[in-house]
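Report on the following structure.
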There are 2 protein chains.
Amino acid sequence: MQRYKAIIAYDGTDFFGYQVQPNKRTVQAELEAVLAKMHKGREVKVSASGRTDAGVHAKGQVIHFDSPLLIPDDKWVVALNSLLPDDLSILHVEKVSPSFHARYDAVGKEYRYRLLLSKKRDPFERKFSYRYPYALDLAAMRQASQYVVGQPLDFTSFCSAKTEVVDKVRTIETIDFLLDDDLLTLRFVGNGFLYNMVRILVGTLLEVGSGERSPEDMTAILAKKDRRFAGKTAPPQGLFLWKVFYEKYG
Amino acid sequence: MQRYKAIIAYDGTDFFGYQVQPNKRTVQAELEAVLAKMHKGREVKVSASGRTDAGVHAKGQVIHFDSPLLIPDDKWVVALNSLLPDDLSILHVEKVSPSFHARYDAVGKEYRYRLLLSKKRDPFERKFSYRYPYALDLAAMRQASQYVVGQPLDFTSFCSAKTEVVDKVRTIETIDFLLDDDLLTLRFVGNGFLYNMVRILVGTLLEVGSGERSPEDMTAILAKKDRRFAGKTAPPQGLFLWKVFYEKYG
């Protein structure tokens, strides 16, 4: 058996998220169906760096799987893409050691959240950004973001109450603000992100930007260790899993 | 009655083109349905600068309509958008003279055609570009484009044989080539474009770029005045009606 690592991209619009669910179209189910086809019906289990929710996109999700097939890396890309639907694409395949694990070996991730700061709807952005038509104080948002970066912090308040993981300490290295015309991209790089963490951070930063909260509130919210004290969860279509790091990052 | 001019944008993916057709979802039908709703069921006819085909997008299509309602321009935008589906958006409304006509007064148009020059599928580009995975000689394509710009020419060979207009002489001012990473955008500006003209020009330029034809063939194709001598019609999803000019342009 050979273990393969693959980088994949998907438009999350028409998927019920990454993970297999009964009777739902998911990314994992599409991948496993195509791999089964390539292995004469034999089940091939796919493991990802982490789940993504319904409507969330990926530009650089990482998966691994084992196969007895010895196909050159670039031929895997062609073969898989020829069978996959066109909202899911294999960008890269490489042979890795049998000890490689897409989830356990990840040392960091980059997510991006796209906000369209416009009173006008844009038909081309509706599935790939969250439109926020109200005034925003970007300086206050930048200041607020500094309270949650640069050191290990307990993000219990910034993750879904449904989260199963016990250790909720994560380190966000940077939150960058990239403003291009009326499109604001928030770029999050860190050693790990809890369930809904980026979307709750974005929702809370928006409440700072609109003046409902002050930047300093971020510290008080962290201290509460209670989801109910943070802001709303921003909608899924603005979120992209951009990159997964397996070596040094930042 | 007041005549209104509006600039609209649409993602053409889920429309059977601009023009009303029985039992099909079209841009014009959606607009007229919403205007009828705003006028207590009374029919309001919408005229556009021109049709777009199924799958073709618009960033700046122009329409006009007449209404007895005296609503401030920005309130028209809000009212129409609140009723329209989210793949069709009103960008701008303004009062115009009753003699204004979206089609007859247009003095020029800009179209853009987006080509993804990549062997890899991109789930985020599949509806908004034509993926061309083969080698292209851009210099030859640029050279070929020069044979069809800058003077009035008979584009009979470069329009659908179904075209009803008699006068097929048009002037293309410029064809610009904008290469950004693996995305090639061809920008066409001219005083008018015949049915399928941009898509046939793109298809023919691709045949020059791939070496199947030489740049000088463009002149021979024009001289034939016969659609069968030009190249294939490039697919619709790469095409955007970008702007309609009512004054000097270029």
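The values are calculated or read from the model by the stated rules, or taken from the named source; none is laboratory data. Predicted, not measured: the structure shown is a model, and the values here were computed from it. Note: ideal-geometry Cβ built from the backbone for every residue, glycine included; neighbour counts use all protein chains shown. We work out accessible area using only protein heavy atoms, side chains counted, and drop any ligands, DNA or RNA first. Shrake-Rupley method; radii C 1.70, N 1.55, O 1.52, S 1.80 Å.
Measuring with a 1.4 angstrom probe and ignoring ligands and nucleic acids, B:ARG114 comes out at about 50 Å² accessible. Solvent exposure of region A:124-250 amounts to 48 Å² per residue of accessible area, where only protein heavy atoms count and the probe is 1.4 Å. When we measure straight from the Cα of A:LYS75, which aspartates and glutamates land under 12 angstrom away, once same-chain ones fewer than 8 places off are left out? Reachable aspartates and glutamates: A:GLU94. Under DSSP H, which helices of chain A have Cα atoms covering 15 Å or more of the helix axis and a Kyte-Doolittle average no less than -0.5? Flagged H segments are A:27-38, A:73-83, A:197-209.
Here the accessible area is traced with a 1.4 Å probe on the protein chains. For the protein assembly as shown, carbon and sulfur cover 52 percent of it. Comment: the Cα-to-Cβ extended label point of A:SER160, at 7 Å, lies 4.6 nm from its counterparts in the other copies, nearest first. Beyond 15 Å, the tail of the calculated P(r) for region B:154-194 holds 51 percent of the Cα pairs.
Placing a label point 7 Å from the Cα of B:LYS232 along the Cα-to-Cβ direction, the distances to the matching points in the other copies come to 4.7 nm, shortest first. Ignoring aspartates and glutamates fewer than eight residues from B:LYS109 along the same chain, the ones with Cα atoms less than 15 angstrom from its Cα are B:GLU173, B:ASP176, B:GLU247. Our helix-only sum for chain B, with -39,500 (n - 2.57) per DSSP H run of n ≥ 4 divided by its residues, gives a mean residue ellipticity at 222 nm of -6500 deg cm²/dmol. B:LEU179 sits with roughly 100 Å² accessible to a 1.4 Å probe, with DNA, RNA and ligands left out of the calculation. Determine the shape class of region B:80-144: with a ≥ b ≥ c the square roots of the Cα gyration tensor eigenvalues, call it rounded for a/c under 1.5, and otherwise prolate if a/b is greater than b/c, oblate otherwise. It comes out oblate by the Cα gyration axes. Chain B against chain A buries an accessible area of about 2000 Å², both chains summed, 1.4 Å probe radius. How far is the Cα center of region B:4-20 from the Cα center of region A:60-99, in Å? One Cα centre to the other: 39 Å.
For chain A, the equivalent ellipsoid derived from the alpha-carbon gyration tensor has semi-axes of 34, 20, 15 Å in decreasing order. Across the cross-link table entries A:LYS127/B:LYS162; B:LYS59/B:LYS232; A:LYS5/A:LYS168; A:LYS37/A:LYS95, which are compared at the Cα atoms, the separations over 30 Å belong to A:LYS127/B:LYS162. Mind jotting down a quarter of the surface of the convex hull over the alpha carbons of region B:133-250, in square nanometres, one decimal? One quarter of the hull surface, i.e. the mean projection, equals 7.5 nm². By the compact-protein rule of thumb, 2.2 N^0.38 Å, the alpha-carbon radius of gyration of region A:2-96 corresponds to a ratio of 0.99. Counting only heavy atoms of the protein chains and using a 1.4 Å probe, A:GLU94 has close to 60 Å² of accessible surface. Over chain B, Cα pairs under 8 Å with separation of 6+ residues give a relative contact order of 24 percent.
From the protein chains alone at 1.4 Å, what is the descending order of accessible area for A:ARG228, A:ARG187, B:ARG51, largest first?
A:ARG228, B:ARG51, A:ARG187
In this assembly of identical copies, the label point of B:LEU69 (Cα plus 7 Å along Cα-to-Cβ) is separated from its counterparts by 5.7 nm, sorted shortest first.
The charge dipole of region A:108-245, taken about the Cα centre with unit charges on the Cβ atoms of Lys, Arg (+1) and Asp, Glu (-1), comes to about 500 debye, rounded to the nearest 20. Distances between every pair of Cα atoms in the protein assembly as shown, grouped in 10 Å steps from 0 to the bin holding the largest one, split as 4, 16, 22, 22, 20, 12, 3, 0 percent.
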